[in-house]
Amino acid sequence: MDKKRVLLLLILLTLVWFSCSTLSYAADTAPNHEGIVNLRILETTDLHADLVNYDYYQTKVDNRIGLIKTATLIHEARNEVKNSLLFDDGDHLKGNPLGEYLARIRGMHKGKTHPVYRAFNYLQYDAIAIGNHEFNYGLAFLKTALKGLKMPAINANVFSVKKNKPYFPPYVILKKKVVDQNDKQHELHIGVIALMPTQIMKWDKANLEGKVIARPMVETAKEFVPIMKAKGADIIIALAHTGISSDTYNPETENAVYYLTQIPEIDAILSGHSHSVFPGPVFIDLPNTNMETGQINRKPVVMAGAFGSRLGVIDLTLSNTEGKWKVVNSTSFTRPIADENGKSLVKTDKKLYKLIKTEHEETVDFIKKLGL
Ligand SMILES: [Zn+2]
């Protein structure tokens, strides 16, 4: 081989090496979205049987309330993203004349689904929490109503006295097909646990005494989350039917969210019960709270007011490293159905209205007959 040829070969080899290294360099630094999943979690809470934008006490339209309005926000929020889940945080059966009329006057028609649960079935909630007010009409009524529900209804801290076990399914692990930022499909195992204030034993003594007991919320969560992890939950969401307060911890606290955020395995908290809005000005002085991202102790929290007035949203970014999913970013916010003056911001979900119209009209007729 003469000198010229050797030189040519060297040049060629250098070129090949250079282009290869550039290629591999490009591959190393190109954004790799595989295993990055955006997951939106939606919340309704404390609906108190307000399905329709109607004030039964004043017998007139009220556009600040009603799931037939929130439903439109649910559809919109779902359409904006690839992956979403919808939960109700409890206190949905009682609190207005429609709820009273069904439970105490007309009763549930045999084989017919309660209109609140008919609405939940139509909106395809992924799971719902039992709230303290669900006990107000007694355990038998609740059990009958739940028969018509097509998704899990859960609570972990109300225990059967007889069996010394949770009275309801304490948690569920939902198998959710999601797509990552590269449109690659993954199956996420989403653990969902629900809790409610122990004060039910006082508030609903007549309905509950001797039948169930309520265990402290934070202790119960600490007991169940390792079990959920062991059963394969990639992430854990708490349907915490309880409010937000940083008062010194007490196991019987009615507002446990602040302390639930300190349980490492819990990734996101849907709050309720106190009818407040989080993130929102009410909580401006809460320690370790980021009002921009809606995080308390760096955990995403949301509370969507009451009566369907708002939809709660938590946007999570999850990343997968060596088969383990982790929340790497989150933003919580709420969207209202009306402005401060009560002017409606969203259309009515007419399909949903049609589904529950009969009971709404019966309630209105009943009130009118009473001359109230
Ligand atoms: Zn409540």
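Quick notes on this structure:
- Rounded to 10°, Cα long-axis angle of helix 350-370 versus longest principal axis of the chain: 20 degrees
- Most simply put, the chain has about 65% antiparallel DSSP beta bridges, counting only bridges with both residues inside it.
- Treating r as the C-beta distance of ASP339 and ILE36 and R0 as 45 Å, the FRET efficiency rounds to 0.80.
- Using a cutoff of 8 angstrom between alpha carbon atoms and counting only pairs six or more residues apart, the relative contact order for the range 34-370 works out to 23 percent.
- Among VAL61, GLN124, ASN297 - extreme Cα towards positive end, dipole of the chain, charges at beta-carbon: GLN124
- Alpha-carbon centroid distance for the pair the range 39-54 / the range 211-270, whole angstrom: 22 Å
- Area accessible to solvent at GLU223, 1.4 Å probe radius, in Å²: 90 Å²
- The chain: angle of helix 67-79 to the longest principal axis, Cα-based, in degrees nearest 10: 10 degrees
- When the alpha carbon coordinates of the chain are projected onto the principal axes, the ranges are 111, 45, 44 Å, largest first.
- Rolling a 1.4 Å probe over the protein heavy atoms leaves MET201 with an accessible area of roughly 50 Å².
- The accessible area of ILE213, taken with all protein chains in place and a 1.4 Å probe, comes to roughly 80 Å².
- Evaluated with a Cβ-only charge set (Lys, Arg +1; Asp, Glu -1), the chain carries a dipole of roughly 1260 debye about its Cα centre, given to the nearest 20.
- Over the range 70-173, relative contact order from alpha-carbon pairs under 8 Å, at least 6 apart, %: 26 percent
- Fully extended contour minus Cα-Cα distance, from ASN164 to LYS110, at 0.36 nm per residue: 16.4 nm
- Only Cα pairs under 8 Å and 6+ residues apart enter the sum, and on that basis the relative contact order of the range 278-353 stands at 26 percent.
- Only helical runs count toward this figure. For the chain, summing -39,500 (n - 2.57) over DSSP H runs of n ≥ 4 and dividing by all residues gives -8500 deg cm²/dmol at 222 nm.
- A Förster radius of 25 Å combined with the Cβ-Cβ distance from MET201 to LYS231 puts the calculated FRET efficiency at roughly 0.30.
- Taking the convex hull of Cα positions in the range 161-310, its mean projected area over all directions (nm²): 10.8 nm²
- Over all pairs of different C-alpha atoms in the range 258-372, the reciprocal of the mean inverse distance, the Kirkwood hydrodynamic radius, equals 17.0 Å.
- For the range 147-163, 3J(HN,Hα) per residue [Karplus equation, 6.51 cos²θ - 1.76 cosθ + 1.60, θ = phi - 60°, Hz, x = Gly/Pro]: 4, x, 8, 9, 9, x, 10, 10, 6, 9, 10, 9, 10, 6, 5, 4, 8
The values are calculated or read from the model by the stated rules, or taken from the named source; none is laboratory data. A quick note: this is a predicted structure, and the numbers were derived from the prediction, not measured. Positions of Cβ are backbone-derived with ideal geometry, glycine not excepted, and every protein chain shown enters the neighbour counts. SASA here: full protein model, heavy atoms, side chains in, ligands and nucleic acids out. Shrake-Rupley method; radii C 1.70, N 1.55, O 1.52, S 1.80 Å.
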